[in-house]
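The structure appears below as C-alpha cells.
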Amino acid sequence: MSTRSADALGTLIDSVKPIVSMERDGLVVIALGSTADADGPAYLTLAEAAETQGVDVHELGGGTVPAVEVETKDDPVVIFGGDTIVGGKQNRIVNVTIWLTPHRKTHIPVTCLEHGRWDPGAEARFMAGPKADLGMRAMLNTQVHASAREASAYGDEPAPHRYSADQGAVWEEVGLRHQRASTTSLTGALHDLYAREASDVEALKRAFPYPEGAAGAAIGIGGRLVALEVFDRPATARKLWPRVIEGATRAHLDHQRMIAAGAVEKPVHRYPDREALGRMLGRVKLAQDGALESPAVGEGMDVRFETDRITGSALLREDKVVHAEVHRVA
C-alpha cells in the first residue's frame with residue numbers, strides 16, 4: 001500500500017472514538033465519531049440516485065451473473081459494498097464500494113443472491129434493494145480479498161473481474177440461511193427471507209436511533225464485536241444509518257437461529273468487553289503493512305487488509321477514505 005493511502009487510513013483509524021453504546025436483546029451498536037478531515041465533493045447514494053432517476057442499473061446485454069452496468073446521470077454516485085439490487089434476471093449484491101463520476105457507463109462486480117431464477121424475459125433493469133446482513137458481507141469481503149490477491153499475483157485483471165466472489169459458496173450460504181429460518185423460496189432468493197423477517201427487523205431497528213455526529217458504527221453480536229463501518233462524514237452516516245442497523249439486525253437474527261440450531265454456542269456475555277473496539281482498530285493498523293492496494297472500479301483506490309482475525313476494505317479517493325468496513329472472521 002502506498003504511503004499516502006496508509007497515512008489516510010491510519011489517520012481515520014486513529015480518529016475513531018465511541019460516542020454512545022446501545023443494546024437490545026443482545027445486539028450492541030456502538031456509534032462512532034471521527035475527527036478525520038474528509039471534506040470533498042457531494043455525491044448521491046444508490047438509493048437516492050435511483051429515487052431521482054439519477055442512475056440506471058441494468059443487465060449487460062443478455063445478462064452475465066458476475067457483472068451489471070451502471071449509467072450515471074448528472075451527479076456522482078457512490079454504491080457501497082453490501083448494497084443489493086433487485087430485479088433484472090437475478091437479484092445481486094454489490095461486491096465493493098464504488099465511486100462513479102457523472103455521465104459514465106461502468107461495469108461493476110456483483111454476486112447473485114437468487115440461485116433459482118434466470119428469466120430471459122425479465123425487465124433488464126434493477127431497483128435499489130436492502131442492505132445485506134453483516135454475515136453475508138463478511139463472507140463476501142473475504143472472498144473478494146482472495147480474488148484481488150490472486151489477480152495481483154498473476155497479473156492485473158481488469159475490473160470488475162478482479163473483485164469477484166465465490167458464487168457457489170454464496171448460493172450455499174443463502175440456502176443455509178433459509179434452512180435455519182425454516183423458510184422456503186421458489187427461486188432460492190435471500191431477499192425472500194429478508195421480506196419474511198421484515199417486521200422483526202423493523203421492531204429492533206427502533207431501538208437504535210442515529211446519534212448526532214456519528215460517522216459510523218461498531219456492531220456487537222453474541223457478546224463479541226463482529227464489525228465496524230465508517231463513512232467519510234457524519235452526513236453520509238446519517239443517511240445510511242437505517243441501512244447499517246438493518247444489516248446488523250439481520251445478522252443478529254441469523255445468529256439467534258444458529259444458536260437455536262446448535263451451530264454456535266449460546267454466548268456467556270451480552271456485551272463485547274471494553275477493550276474490543278481498541279483491539280479491532282489495532283488489528284487494522286497491524287494489517288496495513290500487508291494491505292493490497294489496487295485501482296478501484298470507478299474512481300479512486302481499493303485497499304484490502306486482513307489478519308487471522310479480521311478482513312476489511314476501504315475506498316480511498318483523493319487521499320481520503322470514502323468508506324471503510326471491517327469484519328471479524330475468527
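No value in this document is a laboratory result; all are computed from the given coordinates. In this text the structure is predicted, and so the values were computed from the model without any measurement. Cβ sites come from the backbone with ideal geometry, for glycine too, and all protein chains shown count toward neighbours.
Using only alpha-carbon positions in region 252-307, the gyration tensor eigenvalues give semi-axes of 33, 18, 10 Å once each is multiplied by 5 and square-rooted (largest first).
For region 201-330, rounded, prolate or oblate, judged on the Cα gyration tensor with a ≥ b ≥ c (square roots of eigenvalues), a/c < 1.5 rounded, else prolate if a/b > b/c? In terms of gyration-tensor shape, oblate. If I build a Gaussian network model for the chain, linking alpha-carbon pairs within less than 10 angstrom, which residue out of Leu315, Leu140, Leu46 has the largest mean-square fluctuation? Comparing Leu315, Leu140, Leu46 in the GNM, the peak value goes to Leu46.
Kirkwood radius for the chain, taken over all pairs of different Cα atoms as the inverse mean of 1/r, rounds to 19.9 Å. Checked against a 19 Å cut-off, the cross-linked pairs Lys131/Lys239; Lys105/Lys131; Lys73/Lys320 give Cα-Cα distances beyond that limit for Lys105/Lys131; Lys73/Lys320. Based on DSSP, what percent of beta bridges with both residues in the chain are antiparallel, to the nearest 5? So the antiparallel bridges amount to about 95 percent of the total.
The calculated 222 nm mean residue ellipticity attributable to helices in the chain amounts to -10500 deg cm²/dmol, summing -39500 (n - 2.57) over DSSP H runs of n ≥ 4 and dividing by all residues. The relative contact order of region 138-296 comes to 19 percent, based on Cα pairs under 8 Å that sit 6 or more residues apart. Would you please state the base-10 log of I(q)/I(0) at q = 0.16 1/Å for region 77-130, with intensities from the Debye formula using one equal scatterer on every alpha carbon? With one equal scatterer per Cα and no solvent, log10 I(q)/I(0) is -0.49. Distance from the Cα centroid of region 1-62 to that of region 163-184 is 26 Å (rounded to whole angstrom). Among Ala314, Ala31, Ala49, the largest mean-square fluctuation in a Gaussian network model of the chain, built with springs joining Cα atoms closer than 10 Å, belongs to Ala49. One Cα centroid belongs to region 96-139, the other to region 243-286; the line between them spans 26 Å. When only Cα pairs below 8 angstrom with a gap of at least 6 residues are kept, region 50-156 shows a relative contact order of 28 percent.
Scaled to the globular estimate 2.2 N^0.38 Å, the Cα spread of region 1-133, given as radius of gyration, is 1.26. For Lys266, project a label point 7 Å along Cα to C-beta. Then give me every residue of region 12-53 with its amide nitrogen under 15 Å of that point. Hits in region 12-53 for Lys266 at 15 Å: 26. Can you give the longest stretch of the chain with no exposed loop site, where a site means trypsin sites (Lys or Arg not before Pro) in a DSSP loop (not H, G, I, E or B) with at most 10 other C-beta atoms within 10 Å? In short, 1-205. Along the chain, the exposed loop sites are chymotrypsin sites (Phe, Trp or Tyr not before Pro) outside DSSP states H, G, I, E and B with at most 14 other Cβ atoms within 10 Å, and the longest stretch free of them is 155-330. Averaging the sequence gap over all C-alpha pairs within less than 8 Å and six or more residues apart, then dividing by the number of residues, gives the chain a relative contact order of 20 percent.
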